[in-house]
Amino acid sequence: MNYFPVFFDLTGQKVLVVGAGEVALRKIVLLERTGAIITVVAPQIAPEFMQRAACGSLNLAIREFVPSDLDDSRLVIVATSHRAVNRWIAKLSEARAIPVNVVDDREASRFIVPAIIDRDPVLVAISTGGASPVLARRLRERLETLIPKRFGDLALWLRELRKATLERLRDTQERRRFFEAIVDGPASRRFIAGDLRGARSIAQQLLALTASAPRAAGEVTLVGAGPGDPELLTLKALRALQDADIILHDRLVSRDVLDLARRDAARICVGKSAGGAGTTQREINDLLISHARLGRRVVRLKGGDPFIFGRGGEELEALARAEINFSVVPGITAAAGCAAYAGIPLTHRDYAHSVSFVTGHADSQGKEPDWRALAKPGATAVFYMGLARLEHIVERLLAHGASPARPAGIIAQGTTAQQRVITATIGTIGTLASSAKVGSPALLVVGDVVALHSTLAWFNTGAASEADAAADLSRAG
């Protein structure tokens, strides 16, 4: 994020505008609504500026800019037709630590002016970081149709309600849940429709009910984050993230997914890594229980699907013993998501009639999967977390009858922009994975369906081609 979004309170503050053309006028029209003291400096002034000065909404200095014009300025906007002059003024402003915007010159600007949707006091600002003002404008036009005109009035009514809630509701958590019920429920819909009396009646009933009700019990929602692409989250998962008070997430849950959560939700990484330090399962269970007992809405966010090699069942057993309310939001498991993005159908009428999901980690008691079944032709086997034991997996498959020529593939960082797919055979996959320096997270897929990747690959094919080229070089060597 190159720009930090912020709203300035310019009431009674001096804003200097250098230039008096059409672009400068557009900025002034916005500035006039802020209560700022606007000073315009330019050698030639259009009639529109004279009219505004006559009405007292701005001050005019009909002359060339001089450095002393910057005195006491809180913001500076430069919009002359001379690039060298614009940059000179920008440097002077920068030397005085005054935020400056040079119109149509992002490099010389310390701040940019976004496209806005005005539902005073609700403001929505849209920026492309100066990359494409047209794109920002088009997005604003679309949002204009989605945000009701009475949204500003709704915000003012909610501000009135805050006074009553401060007196009757005990803590911040109760007040937040009350306002969520108002905003998400019939009260706000009635208000926006113009039924103020109905909206107030619903709000009063809800406030009375909330104030007299016992403290809300905490709850845990077990949420599958999917394989990596944040757009693969379900709508229900997104709602859970936006309602959460606290999020306990795995190490591999991406920042893009976490950014979809409510901004003030606490985030705790409870990730575990093979052979490395991390949070134990007992510690995770204890955290879930302790936060829920404090009345919080807890989201346990797991990569993929929580019930497929995610220990979700173990965590729910602990919550059930502690009598904590819980629910589950399934996610797209890594095998399904990564295989789809790699163009490898897990089943196919001509190649595979069954699919097995197998953990690549050894069982705590040393139990092994049914290697004979996994080695049979006409089936697909997907090994989760199998990269570290790739040599052992290949050895066991071959020992139980799998052909060395059977197709095998590795999908690393599937569904993300960094996805890599390497296809080979059981006999060569280990060597190719080593030469290509494939890292976790990665899935191993074994079965005839892997051969379809060369035909069906559709996502991030540039990276896939690079990996295949590396494999070809390895074969040639």
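Tell me the residue from 255, 267, 262, 282 that is of a type outside the set (Phe, Trp, Tyr), without any contact (Cβ under 8 Å) to a residue 40 or more places away in the chain and over 27 Å from residue 216 (Cα atoms), please. Explain how you work it out, then say what you get.
On the way: 267 fails: over 27 Å from residue 216 (Cα atoms); 262 fails: over 27 Å from residue 216 (Cα atoms); 282 fails: over 27 Å from residue 216 (Cα atoms).
Answer to the check: 255.
So which of 253, 223 ends up being hydrophobic (A, V, I, L, M, F, W, C) and at pLDDT 95 or above? Before the answer, list the steps.
Details: 253 fails: at pLDDT 95 or above.
Just one listed residue meets the conditions, 223.
In the stretch 118-128, which residues are aliphatic (A, V, I, L, M) and over 22 Å from the mean Cα position of the chain (by Cα)? Let's see the steps before the verdict.
So the first thing to find is which residues in the stretch 118-128 are aliphatic (A, V, I, L, M), and the list is 122-126.
122 - this is the single residue of the stretch 118-128 that is aliphatic (A, V, I, L, M) and over 22 Å from the mean Cα position of the chain (by Cα).
Looking at (1) in contact with a strand residue (DSSP E or B) (Cβ under 9 Å, 6 or more places away or on another chain); (2) in contact (Cβ under 8 Å) with a residue 60 or more places away in the chain, which is the only condition residue 215 fails?
Going through (1) in contact with a strand residue (DSSP E or B) (Cβ under 9 Å, 6 or more places away or on another chain); (2) in contact (Cβ under 8 Å) with a residue 60 or more places away in the chain one by one, residue 215 breaks only (1).
Can you tell me which condition residue 167 does not meet? The list is (1) at pLDDT below 90; (2) assigned to a helix (DSSP H, G or I); (3) closer than 30 Å to residue 107 by Cα, and all the others hold.
(3)
When the residues of the stretch 101-155 are narrowed to those that are among the hydrophobic types (A, V, I, L, M, F, W, C) and assigned to a loop (DSSP other than H, G, I, E, B), which ends up modelled with the lowest pLDDT? Can you show your working first?
So the first thing to find is which residues in the stretch 101-155 are among the hydrophobic types (A, V, I, L, M, F, W, C), and the list is 102-103, 108, 111-113, 115-117, 122-126, 131, 134-136, 139, 143, 146-147, 151, 154-155.
With assigned to a loop (DSSP other than H, G, I, E, B) added as a condition, the list becomes 103, 108, 111-113, 131, 147.
Details: 103: 91, 108: 94, 111: 93, 112: 90, 113: 89, 131: 85, 147: 93.
Here the residue is 131.
Would you pick out the residues in the stretch 389-418 that are of a type outside the set (Val, Ile, Thr) and assigned to a loop (DSSP other than H, G, I, E, B)? Please lay out each step first, then the result.
Here is the first cut: in the stretch 389-418, the ones of a type outside the set (Val, Ile, Thr) are 389-392, 395-409, 412-414, 417-418.
Within the stretch 389-418, 400, 401, 402, 403, 404, 405, 406, 413, 414, 417, 418 meet the criteria.
Condition check: charged (D, E, K, R), within 25 Å of residue 229 (Cα to Cα) and either part of a loop (DSSP other than H, G, I, E, B) or not assigned by TED's automatic domain parsing to the domain that holds residue 389 (or both). Does residue 251 satisfy that?
Details: charged (D, E, K, R): yes; within 25 Å of residue 229 (Cα to Cα): yes; either part of a loop (DSSP other than H, G, I, E, B) or not assigned by TED's automatic domain parsing to the domain that holds residue 389 (or both): yes.
The answer is yes for residue 251.
The values are calculated or read from the model by the stated rules, or taken from the named source; none is laboratory data. Bear in mind that the values here come from a model prediction, so they are computed numbers and not experimental data. As a convention, Cβ positions derive from the backbone with ideal geometry for all residues, glycine included, and neighbour counts pool all protein chains shown.
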